[in-house]
Amino acid sequence: IHSMVNMNTYSAIILVGLLAVTSLPAASARYLVGNRISPTLDGGNDHSVENPPALDNESEPPFDIKLHSTDHHLPKSLIAAQFARDPHAHRDRLEMIQTGELGLTGIRYSPTSFSAESDDNDMYSNVYGEFCVFNSQLNKADPSYYPTLKGILSESPHCSEHRYTIPLGDAIEAIKTSKDMKTLPLSGMLFHQGFAGAGIVSNALTAFDSTLVISEHSALQDALSACDAIHNRFKSDDCSIAKQQRLVRDIVTLFSRTSDDSVKNLFLKLNSSSAVYLHTLRALYPSAKWTFSYRNAEETLSKNMQRKRNITCVKAKRNPSAALSEKSTEYNLELEYLSHHEICALHLSTLFEAAMREHESSSTGLLISYSDIVSSLGNVIVEEVLPYLGLQGELNSNSEVRDKIIQILSTRSNSRSAGRTKQWDATQESDLEISDEVSNAVIGFMGDMVGGPSAR
């Protein structure tokens, strides 16, 4: 009996060790995830939670945040031993948000966070922000290597191992009393279909001393799509637009804070899927300039259907926007029965239509054709796009900025991918293969996009 007890004890220890090791990839993967819906939030008074449960980036299941753990046994110590000591463990986290040391990386909310039935006026509830220490201006050093926020976060050891989950309302209240940070105006928003040149524009914007460029931040996309996500996952329409918009404004406020006196303007390059919410953002920030980058319909669909690039269309089928749902109803289609090419074509058409509708109804915005970028070797960005975004003065007064932009325009918008040359060659775009599946899907769902707008 004694031997059996010892053997069981050793087996338990080995099993726990294996579980701890195998949990690490999931824990690491969890840090690449932005918003997730959290149906329950257990009690506790601490304003932060370190290392919430891991999530599957594909299935996006709901989860519980545990504010306090009562497990002080071997599993916790084994997992904790795999991570470096948090250098900021002794610091007040709300104070670090006040000083700008902690930056927002993602949000989490519950199905009732924007309930119209609550008595909180336009204030959302149970929305949590994920914060960590990172340099939001790292893209200025090498915009091609850090084309989106995801690349910047990958360089931060603190973001890899020690993210803090803090009630977003607490963070917003904390920054109201901050004296050492200024809030930038939102000067421009870059919308696009994906692989249509918006990345080149975004990278060019980093050349200016006066700009802060935040590219494809998941928290903003998650806030914009929150009501659609709640409707799709929980079949609920109890989602106050006013509360959702309050969340969007608060997130942009967190983006716009800086202590750098030379920075004057905030520019946001949004995820391609955010284009369907263009009208919402225009209503919230009517003075902000905006652009929409597009390209030939067959080229756009081919690019978006390439392996490792089709995740946006896959997510659109699983979590469609209201615009996509309405268009499928208009066509009398069931999304679940469409092919991958068809669903992607339908999704891309909603982005294009949202931009065209806003452009025509408000007489605002600049539509940027990828073919114009290619044919002009990027000169259209220097001569039209940047001046439209309010940067003509700096272009005229600072020759170094113009030289830096020329260098940026000769480089791929994203050079992080292994095996890719950094130099951009427009002729490489001429041999893009258009399959029959692509052609048929374009004819069926993207007919209005084939030629694109007649003029910017």
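The values are calculated or read from the model by the stated rules, or taken from the named source; none is laboratory data. For clarity, every value in this text was computed on a predicted model and none was experimentally measured. Backbone-built Cβ (ideal geometry, glycine too); neighbour counts: all protein chains shown. Each accessible area value is taken on the protein alone, full model and side chains, heavy atoms only, with ligands, DNA and RNA left out. Shrake-Rupley method; radii C 1.70, N 1.55, O 1.52, S 1.80 Å.
So what's the gap between the Cα centers of the stretch 88-127 and the stretch 265-320, to the nearest angstrom?
26 Å
Using a 1.4 Å probe on the protein heavy atoms only, what accessible surface does Tyr145 show? Give it in Å² to the nearest 10.
Surface open to solvent at Tyr145 totals about 80 Å².
Straight-line reach from Lys308: which lysines have a Cα under 17 Å away, not including same-chain ones fewer than 8 places off?
Lys150, Lys317
How big is the stretch 309-354 by the Kirkwood estimate over distinct Cα pairs, in Å?
10.3 Å is the Kirkwood radius here.
Ignoring ligands, DNA and RNA, what accessible area per residue does the stretch 146-199 give at 1.4 Å, in Å²?
Heavy-atom accessible area per residue stands at 36 Å².
With the radius of gyration and the Kirkwood radius both derived from the Cα set of the stretch 89-169, what is their ratio Rg to Rh?
Expressed as Rg/Rh, it is 1.07.
With θ taken as phi - 60° and the coefficients 6.51, -1.76 and 1.60, list the Karplus ³J(HN,Hα) couplings across the stretch 192-206 in order, rounded to whole Hz; mark glycine and proline as x.
The phi angles translate into 6, 8, x, 6, 10, x, 5, x, 5, 5, 4, 5, 4, 5, 5 Hz.
Lys422: which aspartates and glutamates have alpha carbons under 14 Å from its alpha carbon, excluding same-chain residues fewer than 8 sequence positions away?
Those aspartates and glutamates meeting the cut-off are Asp142.
If you stretched the chain out fully between Asp261 and Glu353, how much longer would it get, using 0.36 nm times the residue separation minus the C-alpha to C-alpha distance?
The span from Asp261 to Glu353 would gain 29.2 nm if fully extended.
Taking amide H atoms as placed 1.01 Å from N in the peptide plane, list the residues 5 or more away in sequence, or in a different chain, whose amide H sits under 5 Å from that of Ser415.
Tyr145
Check Gly106: other-chain or 5+ apart residues with amide H under 5 Å from its amide H, H built from backbone geometry?
Residues meeting the amide H criterion: Glu130.
What's the percent breakdown of Cα-Cα distances in the stretch 243-319 across 10 Å bins, shortest bin first?
Going out from 0 Å in 10 Å bins, the stretch 243-319 shows 13, 38, 30, 17, 2 percent.
Go through Met356, Met189 and list them by solvent-accessible area, largest first, probe radius 1.4 Å.
If we order Met356, Met189 from most to least accessible, we get Met356, Met189.
Over the Cα atoms, compute the radius of gyration (one decimal) and Dmax (the largest Cα-Cα distance, rounded to a whole number) for the stretch 139-255, in Å.
Over the stretch 139-255's Cα set, Rg and Dmax evaluate to 16.4, 47 Å.
Show me the ranking of peptides 103-116, 128-141, 314-327 by mean Cβ neighbours inside 10 Å, starting with the highest.
103-116, 128-141, 314-327
Calculate, in nm to one decimal, what Asn332 and Glu101 gain on full extension: separation in residues at 0.36 nm each, minus their alpha carbon distance.
Going from the current span to full extension adds 78.1 nm.
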